[in-house]
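As structure tokens, the structure follows; a few thoughts come after it.
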Amino acid sequence: GMNAAVRAVVRMGIYVNAKVYFIYEGYQGMVDGGDNIVEVSWESVSSILQVGGTVIGSARCKSFRTREGRLQAALNLVQRGITNLCVIGGDGSLTGANLFREEWSGLLEELAQKGKIDAEAVKKYAYLNIVGMVGSIDNDFCGTDMTIGTDSALHRIIEVVDAIMTTAQSHQRTFVLEVMGRHCGYLALVSALACGADWVFIPEYPPEEGWEDSMCVKLSENRARKKRLNIIIVAEGAIDCHNKPITSEKVKDLVVQRLGFDTRVTILGHVQRGGTPSAFDRILASRMGVEAVLALLEATPDTPACVVSLSGNQSVRLPLMECVQMTQEVQKAMDEGRFLEAVRLRGRSFENNLNTYKLLSHKKPDAELPKTNFNVAVLNVGAPAAGMNAAVRAAVRVGLTEGHKIFAVIDGFEGFARGKIKEISWGDVGGWTGQGGSILGTKRTLPAKYLEKIADQMRTNNINALMVIGGFEAYLGLLELSAAREKYDEFCVPMVMVPATVSNNVPGSDFSIGADTALNTITDTCDRIKQSASGTKRRVFIIETMGGYCGYLANMGALAAGADAAYIFEEQFDIRELQANVEHLTEKMKTSIQRGLVLRNENCNENYTTDFIYQLYSEEGKGVFDCRKNVLGHMQQGGAPSPFDRNFGTKISAKAMQWISKKLKETYRKGKVFANTDDSVCLLGMRRRNLVFQPVAELKSETDFVHRIPKEQWWLKLRPLMKILAKYKTSYDVSDSGQLEHVAMLPKEAESGAI
């Protein structure tokens, strides 16, 4: 994802008429100067969006740690008139940058005394501004929900785990996987959550005394339950409660000696740093890059050096040193054995992940579980979306832990009416997190025409609460069921909806399960198509994406794939705009970047169809470029769920089930559940930084029912970003850019929706 950040900084810099320089090989290049510091143009950053690693290189630098080294670096910058630095790296790089800034005026004075620069230069370049972006696969930097590169590293890990699971399944093996994270267990924890691992070892949360026994008991219980494989994930920095390392070899030997299971170790190593960046990382880095340039433009000698980061899906700016101090606090807490404190300091999303993992991975003995005598039904509604199964698994396991009986409904409301309903157990949902599509089966049918039959089924099976995982139809379905409460008492029970649809068009939530996987599919396909277009030269591809009337996939896909334009329903366009796009591409063909990519949402305009746009471009581009078109279709609904969708699905669904338990207790009177208020039919969505329960009745006013989209959508703010990065002149609304906040003030009690 670093290249996406580099590209965004360069293009936004040029857009605001600044000169932009590359410094190759990190601080080493800054000290060495010469050819390592080069002015760059728009085209310098073409075709790097899909490349892993960083095109400007990175190096550890001893000399920058000395004052002489920094003196030389300052001279190299002043000679080129550079006073704004954008640093992408981990806490070491950022701390170094801050020190450099603090010493800057002293360094310039020393250079003037030595006669290397004149007094005029000291005055002219008196201040150095610094903005940091955190690039680290460990996600170990406090104050940021996600660092650039973390999501891609999770993609690599999950690809490997999915592959290993099939072989382990065949041979009945136990696998011990070692993932990166010397001081931070984020990757280990989230991948354990995303693949349903049996056990995880992380530095922040060492296992209790006697963990060897409890782990072996757990593994053999799982085998006894007919589970053919065990997965154990170990972070490379894992320790026990006496601060002694727990290595993957040690874990393997233990399993072999005590249980005699066929056990193999796989160390993932540097695979995790490589490969193509995920769609999430490209969008994150592009947003951060643009934000970094804005922060530099607004910086004054008095503003502290800041890092741009993401909280929920909001851009924020945080004082660099506050973040560094807090990051160091975590390490200190771990060294001193204050592990609970370390987990708390890591932030709410880390804490959430840990609690959810603990909840879902260990089945308590039946004797220890409460017995509520409540029956909860879970169903999928709408089109399939990757991550639905992870959500069902979490719902089932949390529900059982809370003491309810859980019933799975096959094939949505239609199956419900036909009585396709069965009790489901803890073991039934094992291994579901990595499965795409919908195992329960899903239908778009709405309940209105089956109300009486569904009410009968609810009465027969004594269903006391409903959990619906699905898209826009699920939302409409809950509206219909709550409207039918006057007629049928059976529907006077708590109902909750968890949004799952590739279109991301459900009101009340910024994200829905399945959209991230679809976005990655689109991005991967666009990468391949761009490669084909680069080979043939002077070719423009027009690609149609799904989404109904919602332009989320087309817009975000365009941002992640580096497209030239994206046509969406939410932003009306006419023939003049199409003409301007064609002219823009004609100009582009005169440069060294001789290819074009245009995305079109399937319903963006009933007359300007994909064929129409293809024919228009073909005619207008005659002699300059030729055209091809591609309809991506249903491949966007399939595939194994991305780490984001597995994790988001798991956490949001667990929270929804806990809400059901709370509502059941509140509405249980005189031996029966009776809930008929608006706040007993809710949608759980992610809003800005938090997961919130919203009554579906209140969301009506926010919905455009004709086009099945929310009236206001947050991602439309990112439209100008895509246009700027594709070299269009457009106005960028800076009102939404982050104001400087303080780390300590990040709310502790709120739940983070980020993963």
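Some values worked out for this structure:
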item	result
Filtered residue count, the range 691-725, keeping only those that are out of contact with any Cys (no Cβ under 8 Å at 6 or more places or on another chain) and either on the phi > 0 side of the Ramachandran plot or of a type in the set (Gly, Ala, Ser) (or both)	2
Candidate set from the range 427-467 (those that are assigned to a loop (DSSP other than H, G, I, E, B) and farther than 29 Å from residue 190 by Cβ); member that is most open to solvent (accessible area, probe 1.4 Å)	444
Test: residue in the range 287-294 that is open to solvent by less than 10 Å² (accessible area, probe 1.4 Å) and small (Gly, Ala, Ser)	yes
Complete set of residues in the range 694-714 that are touching a Phe, Trp or Tyr at 6+ places or on another chain (Cβ under 6 Å) and surrounded by 16 or more Cβ atoms within 10 Å (Cβ to Cβ)	708, 709
Residue in the range 341-356 that is more than 26 Å from the chain's Cα centre (by Cα), surrounded by 15 or more Cβ atoms within 10 Å (Cβ to Cβ), at pLDDT below 95 and not assigned by the TED database to the domain that holds residue 141 present	no
Long-range neighbours under 7 Å by Cβ, at least six apart or interchain, first residue on the phi < 0 side of the Ramachandran plot within the range 80-100, second open to solvent by 30 Å² or more (accessible area, probe 1.4 Å)	80/21; 82/21; 83/125; 83/127; 87/93; 88/2; 96/27; 98/321
Subset of the range 144-177 [outside any helix (DSSP H, G or I) and at pLDDT 90 or above]	147, 148, 149, 174, 175, 176, 177
Subset tally (residues that are within 25 Å of the chain's Cα centre (by Cα) and open to solvent by 20 Å² or more (accessible area, probe 1.4 Å)) for the range 318-327	2
Candidates 621, 685, 633, filtered to the one that is of a type in the set (Gly, Ala, Ser), under 30 Å from residue 151 (Cβ atoms) and in the same structural domain as residue 544 (by the TED database)	633
Given (1) assigned to a strand (DSSP E or B); (2) within 30 Å of residue 405 (Cβ to Cβ); (3) not small (Gly, Ala, Ser), index of the condition residue 318 fails	(2)
Residue check, residue 660 under 30 Å from residue 587 (Cα atoms) and modelled with pLDDT of 95 or more	no
Selection from the range 620-654 of residues that are surrounded by fewer than 21 Cβ atoms within 10 Å (Cβ to Cβ) and charged (D, E, K, R)	620, 622, 626, 628, 629
Cβ-Cβ under 8 Å pairs, at least 6 apart or on other chains, the range 548-568 side within 16 Å of residue 610 (Cβ to Cβ) and open to solvent by 10 Å² or more (accessible area, probe 1.4 Å), far side of a type in the set (S, T, N, Q) and assigned to a loop (DSSP other than H, G, I, E, B)	548/503; 548/505; 548/603; 549/505; 549/603
Single unsatisfied condition, residue 299 versus (1) free of Cβ contacts under 8 Å to residues at least 60 places away in the same chain; (2) open to solvent by 10 Å² or more (accessible area, probe 1.4 Å); (3) touching a strand residue (DSSP E or B) at 6+ places or on another chain (Cβ under 9 Å)	(1)
Any hit, the range 367-377, residues being part of a helix (DSSP H, G or I) and open to solvent by 30 Å² or more (accessible area, probe 1.4 Å)	yes
Selected residue (only one of 542, 593, 613 is more than 16 Å from residue 707 (Cβ to Cβ), among the β-branched types (Val, Ile, Thr) and open to solvent by 10 Å² or more (accessible area, probe 1.4 Å))	593
Hits in the range 58-72 - residues which are open to solvent by less than 50 Å² (accessible area, probe 1.4 Å) and part of a loop (DSSP other than H, G, I, E, B)	59, 61
Which listed residue is touching a residue at least 60 places away in the same chain (Cβ under 8 Å), farther than 27 Å from residue 276 by Cα and of a type in the set (Ser, Thr, Tyr), from 205, 186	205
Where residue 596 falls short, out of the listed (1) outside any strand (DSSP E or B); (2) within 13 Å of residue 543 (Cα to Cα); (3) small (Gly, Ala, Ser)	(1)
Qualifying residue in the range 262-277 (condition: in contact with a helix residue (DSSP H, G or I) (Cβ under 6 Å, 6 or more places away or on another chain), at negative phi, surrounded by fewer than 18 Cβ atoms within 10 Å (Cβ to Cβ) and of a type outside the set (Asp, Glu))	yes
Scan of the range 1-57 for residues that are assigned to a loop (DSSP other than H, G, I, E, B), open to solvent by less than 20 Å² (accessible area, probe 1.4 Å) and polar (S, T, N, Q), ordered by number	none
Residue identified as free of Cβ contacts under 8 Å to residues at least 12 places away in the same chain, of a type in the set (Asp, Glu) and more than 27 Å from residue 394 (Cβ to Cβ) among 571, 583, 544, 602	583
Enumeration of residues in the range 529-557 that are at pLDDT below 90 and among the polar types (S, T, N, Q)	531, 532, 534, 536
Qualifying residue in the range 386-408 (condition: assigned by the TED database to the domain that holds residue 495, farther than 26 Å from residue 193 by Cα and either hydroxyl-bearing (Ser, Thr, Tyr) or over 24 Å from the mean Cα position of the chain (by Cα) (or both))	no
Subset of the range 655-686 that is buried (at least 16 other Cβ atoms within 10 Å of the Cβ) and closer than 21 Å to residue 710 by Cα - its residue that is farthest from the chain's Cα centre (by Cα)	681
Some residue of the range 291-307 being assigned to a strand (DSSP E or B) and not assigned by the TED database to the domain that holds residue 187	yes
Residue that is surrounded by fewer than 24 Cβ atoms within 10 Å (Cβ to Cβ) and either touching a His at 6+ places or on another chain (Cβ under 6 Å) or touching a residue at least 40 places away in the same chain (Cβ under 8 Å) (or both), where the choices are 510, 516	510
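To keep it simple, each residue is scored yes or no on (1) out of contact with any His (no Cβ under 9 Å at 6 or more places or on another chain); (2) surrounded by fewer than 20 Cβ atoms within 10 Å (Cβ to Cβ).
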{"site": "211", "(1), (2)": "yes, yes"}
{"site": "215", "(1), (2)": "yes, no"}
{"site": "218", "(1), (2)": "no, yes"}
{"site": "226", "(1), (2)": "yes, yes"}
{"site": "232", "(1), (2)": "yes, no"}
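The values are calculated or read from the model by the stated rules, or taken from the named source; none is laboratory data. Computed from a predicted model, the values in this text were never measured in an experiment. All Cβ positions, glycine included, derive from the backbone under ideal geometry; neighbour counts span all protein chains shown. Quick note on the areas: whole protein, heavy atoms, side chains included, nothing else; ligands and nucleic acids left out. Shrake-Rupley method; radii C 1.70, N 1.55, O 1.52, S 1.80 Å.
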